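I have placed the structure first, in the form of structure tokens, so that the comments after it can refer back to it.
The values are calculated or read from the model by the stated rules, or taken from the named source; none is laboratory data. Here the structure is a predicted model, which is why all the values come from computation and not from measurement. Neighbour counts run over all protein chains shown; Cβ positions are idealised from the backbone, glycine included. The protein model used for the area step is the full one, side chains on, heavy atoms only, and it has no ligands, DNA or RNA in it. Shrake-Rupley method; radii C 1.70, N 1.55, O 1.52, S 1.80 Å.
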Amino acid sequence: MQPTDTGNPDYYHKVVDCQWACPAHTNVPEYIRLIAQGRYAESYMLNRESNVFPAILGRTCDRPCEPACRRGRLEADKPVAICRLKRVAADLRGDITAMLPKAPEKKNGKRIALVGCGPASLTVANDLMPLGYSATIFEKFDKPGGLMRSNIPSFRLPEQVLLDEVNYILDMGVEVRYNSPIDSMKGLLDQGFDAVFVGSGAPRGKDLDLPGRSDPAVAEHIHIGIDWLGGVAFQHIDKIGEKVLIIGVGNTAMDCCRTSLRMGGKTIKVMARRPRAFFKASPWELEDAEEEGVEIVINHAPKRFVIENGKLVGMEFDRLEWDAKAEKSKVIDTVIIPCDDVILAIGQDNAFPWIEKDLGFEFDKWGLAKVDQKTFMSTRPGVFFGGDSAWGPKNIIWAVEHGHQAAISIHNYCQSVPVTERPAHGMNLISMKMGISEWSYHNDFNPSHRQKMHHVDLVERFKNLTTEVEMGFDPEQTAREVQRCLNCDIETVFNAPKCIECDACIDICPVSCLTMEKDAPEEELRQHLSVPALNLDQALFASKPLPQTKRLMLKDEDLCVHCGLCAERCPTAAWDMQQFQIFISQAGEPVVHQSVAA
């Protein structure tokens, strides 16, 4: 087996599971340590470097980092509450105005058009304004935020929290043209912008073509989920019937059912085609909905809208029985469930009727513009896509990362650099050693369990649509939760020439992640470790041949809990604990020609 190249930034980056899993690669362990030290503003700014909207995401993120968290792999334990700690830093940040990026007084002469004022477009503006670009956002509504405003209820994301973070970007001098929907790409291109970014989201909710749907008598009682949420957000809708059926079981459906309760709904049922294990909604969203009294009904497929005397009175469903993988089903019964209103939350599509077909754009069979997954440029040079506009509905953190990557390409394009050339990633390792067995980070294992979020009482939360339900962690909860982090960015760095093969590190390792073994192919070595390394997605560390026996020091990075005991026990300092930091480059930083890029 070839020795591991720990000089490749991606090696240790992948060991920091939470950061690797985050689309924007937020430095999670470091921002948690800053919270532990009470340095909230610095923690917030470290977050903002990568995810741009810490306060928004601290309330709404889909949390891809948490399933990856190493703490969750320990027996009967749950991952660190990474998202909720992000909110702690945001809520306690204080005035960080002086720390924010600024736009230079002298512009570089390049003008960028951004379609939509959502997270992707705002991220592009955030990255390009400090480089001297002039950015103009075309927004169809009269307020900024895009789908963050229209599709996330204010009881989850208060308007002031949204405005604060959006304005950090707009205050750099971004021009926003509100009430200005783009109805012609040709017309936009004719305005002479140097580049165009389309970040208009996936604004068309899917409909259900079922018997009764086209009856004009019931049209006002059958709603498209994202349109209905938008109507509530912009105060065009202020009530709904007492009995409401939500069709679909994604996060939009959860927002619809909980909003219905605040708009006059009394009996709310979420209707799911498949068993709970196959739901798209985040587990915590399901829990919050059920806490509020929403009933989630599984294995029901909608069949028709039931109309009597010109009035919607219910929906008919096939009751299904599924196989183990929920791939094949059979109908076992048919039922009618009464309702006054139905909200369809079964997915979203892109809609680009405003892009003329003779401008050089290619579209796929789903109507999505063909976009390069690395550069985010369409088949028409100078026009870029990101967020839900690029590959369909995802979430805010993905939109942010799309914006970062698109900004790199837009900058390259405007500076006559090939868009395929990307800034290089860098890395740094710093020893945490302070003495023979003392480290400059807290390496004791804390047995505290994941802290439970406090919620506003049920009676209070329904009095006002804008009452934020989650109250945030209090100081005691924060203190416990930050200590649960295993500091996965503090790496076990091995120096093979110093090793005397005494086995001390192997003996003391609490999870048996270390082994010394004769060289062999990786597949064979994985089976001969102290504990077989079964996770093929995580690399196996292999040292250079050891001085005495030429064996290899092997380490299963998937098992390691970064406790530092191997380094404390080692008599020759062959093991050291070193803090790893990866530098994720953004627009304006030196690029690497693609032939030598990592």
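With a 1.4 Å probe and all protein chains left in place, how much of the accessible area of the chain comes from carbon and sulfur atoms, in whole percent? Present the calculation step by step, with values, prior to reporting the outcome.
On the way: 13340 of 26610 Å².
C and S atoms contribute 50 percent here.
Placing a label point 7 Å from the Cα of LYS107 along the Cα-to-Cβ line, the residues of segment 568-593 whose backbone N sits under 20 Å from it are 588.
Take each peptide in 136-144, 440-448, count the other Cβ atoms within 10 Å of every residue, and average; sorted highest first, the result is 136-144, 440-448. If only the Cβ of Lys and Arg carry +1 and only the Cβ of Asp and Glu carry -1, the dipole of segment 157-213 around its Cα centre is close to 360 debye. Taken along the Cα-to-beta-carbon direction at a fixed 7 Å, the label points for TRP322 and ASP190 span 5.1 nm. The packing ranking of peptides 422-432, 107-117, 49-59, highest mean first, is 49-59, 107-117, 422-432, where packing means the average number of other beta carbon atoms within 10 angstrom of each residue. Take the alpha carbon gyration tensor of segment 156-219, find the square roots of its eigenvalues, order them as a ≥ b ≥ c, and report rounded if a/c is under 1.5; if not, report prolate when a/b exceeds b/c, else oblate. Verdict is oblate for segment 156-219. For segment 480-530 versus segment 202-244, the inter-centroid distance based on Cα atoms is 56 Å. Rank ALA41, PHE141, TYR11 by how far each Cα sits towards the positive end of the charge dipole of the chain (+1 on Lys, Arg Cβ; -1 on Asp, Glu Cβ) and give me just the farthest. Looking along the dipole axis, the top candidate is PHE141. Note: relative contact order over segment 237-366, using C-alpha pairs below 8 Å and six or more positions apart, is 26 percent.
In this structure, LEU100 and SER585 have a Cβ-Cβ separation that, at R0 = 22 Å, corresponds to a calculated FRET efficiency of about 0.65. Bridgeable aspartates and glutamates around LYS239 (alpha carbons under 14 Å apart, same-chain partners fewer than 8 residues away excluded): GLU220, ASP340, ASP341.
Of all beta bridges DSSP finds with both residues in the chain, what is the antiparallel percent, to the nearest 5?
Working: 44 of 74 bridges.
Counting only bridges with both partners in the chain, antiparallel ones make up about 60 percent.
Fully extending the segment from ALA351 to LEU163, taken as 0.36 nm per residue of separation minus the present Cα-Cα distance, adds 65.0 nm. In terms of its alpha-carbon gyration tensor, segment 238-355 comes out rounded; the largest-to-smallest axis ratio a/c stays below the 1.5 threshold. Rounded to the nearest Hz, the phi-derived 3J(HN,Hα) couplings of segment 229-237 under the Karplus curve 6.51 cos²θ - 1.76 cosθ + 1.60 (θ = phi - 60°) are 4, x, x, 5, 4, 9, 6, 8, 10, where x marks glycine and proline.
Per the helix-only calculation at 222 nm, which mean residue ellipticity applies to the chain, given -39500 (n - 2.57) for every DSSP H run of n ≥ 4 and division by its residues, nearest 500 deg cm²/dmol?
On the way: 21 runs with 166 residues, N = 598.
Here the helix-only value at 222 nm equals -7500 deg cm²/dmol.
I'd like the FRET efficiency for GLU75 and GLU291, computed as 1/(1 + (r/R0)^6) with the beta carbon distance as r and R0 of 30 Å, rounded to 0.05. Given R0 = 30 Å and the Cβ-Cβ separation, E is 0.60. Model label sites at ILE307 and ASP358, defined 7 Å from Cα along the beta-carbon direction, differ in position by 4.1 nm. Between ASN464 and ASP537, the contour length at 0.36 nm per residue exceeds the Cα-Cα span by 21.6 nm. Working note: Karplus 6.51/-1.76/1.60 with θ = phi - 60° gives segment 202-216 the couplings 10, x, 10, x, 6, 10, 10, 8, 10, x, x, 5, 8, 5, x Hz, where Gly and Pro are set to x.
Near the amide H of GLU491, within less than 5 Å, lie the amide hydrogens of GLN578, GLN579, PHE580, all on another chain or at least 5 residues away, with H placed in the peptide plane.
Apply 1/(1 + (r/R0)^6) to the Cβ-Cβ distance of ARG276 and ASP457, taking R0 = 35 Å, and write down the FRET efficiency to the nearest 0.05. Approximately 0.85, to the nearest 0.05.
Amide H contacts of ARG204: ASP349, ALA351, each under 5 Å away and 5 or more positions distant or on a separate chain (H built 1.01 Å from N in the peptide plane; Pro and chain starts excluded). From the Cα gyration tensor of segment 326-485, with a ≥ b ≥ c the square roots of its eigenvalues, which class applies: rounded if a/c is under 1.5, or else prolate if a/b is larger than b/c, or else oblate? In terms of gyration-tensor shape, oblate.
The aspartates and glutamates within cross-link reach of LYS433, meaning a Cα-to-Cα straight distance under 16 Å and a gap of 8 or more places when in the same chain, are ASP444, ASP489, GLU491, GLU568, ASP576. Listed values for segment 94-105 are Karplus-derived 3J(HN,Hα) couplings in whole Hz (6.51 cos²θ - 1.76 cosθ + 1.60, θ = phi - 60°), namely x, 7, 10, 3, 5, 8, 6, x, 10, 8, x, 5, and x replaces Gly and Pro.
The candidates ARG204, ARG551, ARG274, arranged from most to least accessible area with a 1.4 Å probe in the full protein assembly, appear as ARG204, ARG274, ARG551. In straight-distance terms, cross-link reach from LYS550 covers every one of the lysines whose alpha-carbon lies under 18 Å from its own, apart from those fewer than eight places away in the same chain; here that gives LYS498, LYS518. Residues whose amide H lies under 5 Å from that of TRP439, counting only those 5 or more places away or on a different chain, are MET434; hydrogens are built 1.01 Å from N in the peptide plane. Note on mean projected area of the Cα convex hull in nm²: of the candidates (i) 30.2; (ii) 25.1; (iii) 34.2, the value calculated from this structure sits at (i). Relative to the current alpha-carbon distance between HIS449 and ASP207, full extension at 0.36 nm per residue lengthens the span by 82.8 nm. Heavy atoms of the protein chains alone define the surface here; on that basis the chain has 44 Å² accessible area per residue at 1.4 Å probe size.
Placing +1 at every Lys and Arg Cβ and -1 at every Asp and Glu Cβ, with all other atoms neutral, what dipole size does segment 50-141 have around its Cα centre, in debye to the nearest 20? The partial results should precede the final answer.
Values: 16 positive and 9 negative charges, 20 e Å.
Result for segment 50-141 is approximately 100 debye, rounded to the nearest 20.
In this simple spin-label approximation, GLN373 and GLU517 carry label points 7 Å from Cα along the Cα→Cβ vector, and these lie 3.2 nm apart.
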